[in-house]
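S.K.: Take this structure, written in structure tokens, and hold onto it; I'll ask about it next.
A short reminder: the numbers here are calculations on the coordinates, not readings from a lab. From a predicted model like this one, the values you see are computed outputs, not experimental measurements. Here the Cβ positions follow ideal geometry from the backbone for every residue, glycine too, while neighbour counts run over all protein chains shown.
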Amino acid sequence: MQNYIIPSPPVVCIPTIDDRHFPVRRVYCIGRNYPAHASEMGHDPNREEPFFFQKNPDNLSPDGLFPYPAHSKEVHHEVELLVALQKGGSNIAPEDAMDCVWGYAVCLDMTLRDLQSQLKHSSRPWEVSKAFEKSAPVGLLVNRREVGDCHEGDIKLEVNGTVRQSGNLSQMIWKIPEIISHLSRFYDIIGGDVILTGTPSGVDSVSVGDSIRGSITGLSDLKVKIV
Ligand code: MN
């Protein structure tokens, strides 16, 4: 027993489809990884160097509720494939990267778009618009052995039964092994790290009372209520 000054904070976990718990260390996110989404945000859809940001592990929220933040008037949904890593390393070659993958889940990268735009314009970090409380609703994790490699498959988001985002995982500009390889040049990746792999086009605002359903072929649907 360590002699902690205060009680140790709880380990953040993502529940799995077979009722186990995946402990999370870090949450990495890649930006603009689908050409149509890069275009809708006013950027070049061609392949340029990937860029990353992070959310906090305890921003992951498996309880199906998203409290609308009081300090934003434009909250956007971004449906994304979450990749959970069972091991890592540094300078991982793309051909070795898939060995690091434990499994996959549907996740939302909720974004305070009004704040993000202001912060971008003033050349300030946009962390508060991305890494806020409960900003990453997450579905149940499925092991790679069950679902395969998720290099392709439909990715979709509905709000109150209407399709808002619809794409295919094969449209990713940077593929899963390339993302892992790139990240491992900047960070020492370890098992417990998870990656949000970007969103297809169709990002838009949500309102209190909305019901969101995120789905990816082969994975458990993610249902979230905006409260
Ligand atoms: Mn995103």
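S.K.: I'd like the Karplus ³J(HN,Hα) series for the stretch 39-56: coefficients 6.51, -1.76, 1.60, θ = phi - 60°, whole numbers in Hz, and an x wherever there's a Gly or Pro.
M.R.: 5, 5, 8, x, 10, 5, x, 7, 6, 10, 3, x, 10, 10, 9, 10, 10, 7
S.K.: So who's got an amide H within less than 5 Å of the one on GLY103, skipping anything under 5 residues away but keeping other chains? H placed 1.01 Å off N, in plane.
M.R.: ALA84, ARG144
S.K.: Taking a ≥ b ≥ c as the square roots of the Cα gyration tensor eigenvalues, with a/c under 1.5 meaning rounded and otherwise prolate when a/b beats b/c, else oblate, which class fits the stretch 88-227?
M.R.: Details: a/c = 1.98, a/b = 1.24, b/c = 1.59.
Taking the square roots of the gyration eigenvalues as a ≥ b ≥ c, the stretch 88-227 is oblate.
S.K.: Then there's this: Let me have the relative contact order for the chain, percent, based on Cα pairs under 8 Å that are six or more residues apart. Could the numbers behind the result be given before it?
M.R.: Working: 546 pairs, mean separation 70.7, N = 227.
After rounding, I find 31 percent.
S.K.: Convert each backbone phi in the stretch 144-151 into a coupling constant with the Karplus relation 6.51 cos²θ - 1.76 cosθ + 1.60 (shift: θ = phi - 60°), then list the ³J(HN,Hα) values in order as whole Hz, x for Gly and Pro.
M.R.: 4, 5, 7, 10, x, 9, 6, 7
S.K.: Still on this structure, I have one more. For the chain, the longest stretch holding no GluC sites (Glu not before Pro) located in a DSSP loop with at most 15 other Cβ atoms within 10 Å is which?
M.R.: Numbers: sites that count: GLU48, GLU74, GLU133, GLU152.
Result for the longest clean stretch: 153-227.
S.K.: With n ≥ 4 as the cut-off for DSSP H runs, can you work out [θ] at 222 nm for the chain, using -39500 (n - 2.57) per run divided by the number of residues, rounded to the nearest 500?
M.R.: Details: 5 runs with 34 residues, N = 227.
Calculated mean residue ellipticity at 222 nm is -3500 deg cm²/dmol.
S.K.: Can you run phi through the Karplus equation (6.51, -1.76, 1.60; θ = phi - 60°) for the stretch 176-184 and list ³J(HN,Hα) in whole Hz, with x for Gly and Pro?
M.R.: Working through the residues one at a time gives 3, x, 6, 4, 4, 4, 4, 4, 6 Hz.
S.K.: If amide H atoms are built 1.01 Å from N in the plane of the peptide, which residues on other chains or at least 5 residues away come under 5 Å of the amide H of ARG25?
M.R.: Answer set, sorted by chain and number: ASP193, VAL194.
S.K.: Return the percentage of antiparallel bridges among DSSP beta bridges fully within the chain, rounded to the nearest 5 %. Present the calculation step by step, with values, prior to reporting the outcome.
M.R.: Values: 40 of 49 bridges.
Restricted to the chain, the bridges split so that about 80 percent are antiparallel.
S.K.: Which is the longest run of the chain containing none of the trypsin sites (Lys or Arg not before Pro) found in DSSP loop states (not H, G, I, E, B) with at most 13 other C-beta atoms within 10 Å? Before the final figure, lay out each step's value.
M.R.: On the way: sites that count: ARG20, ARG47, LYS73.
Result, exposed sites excluded: 74-227.
S.K.: Hey, another quick one. Where a Cα-Cα gap under 18 Å defines reach, which lysines qualify for LYS55, not counting those fewer than 8 residues away within the same chain?
M.R.: Once the sequence-local lysines are set aside, what remains near LYS55 is LYS120, LYS130, LYS134.
S.K.: Find how many whole Å separate the alpha carbon centroid of the stretch 18-75 from the alpha carbon centroid of the stretch 158-189.
M.R.: That distance is 9 Å.
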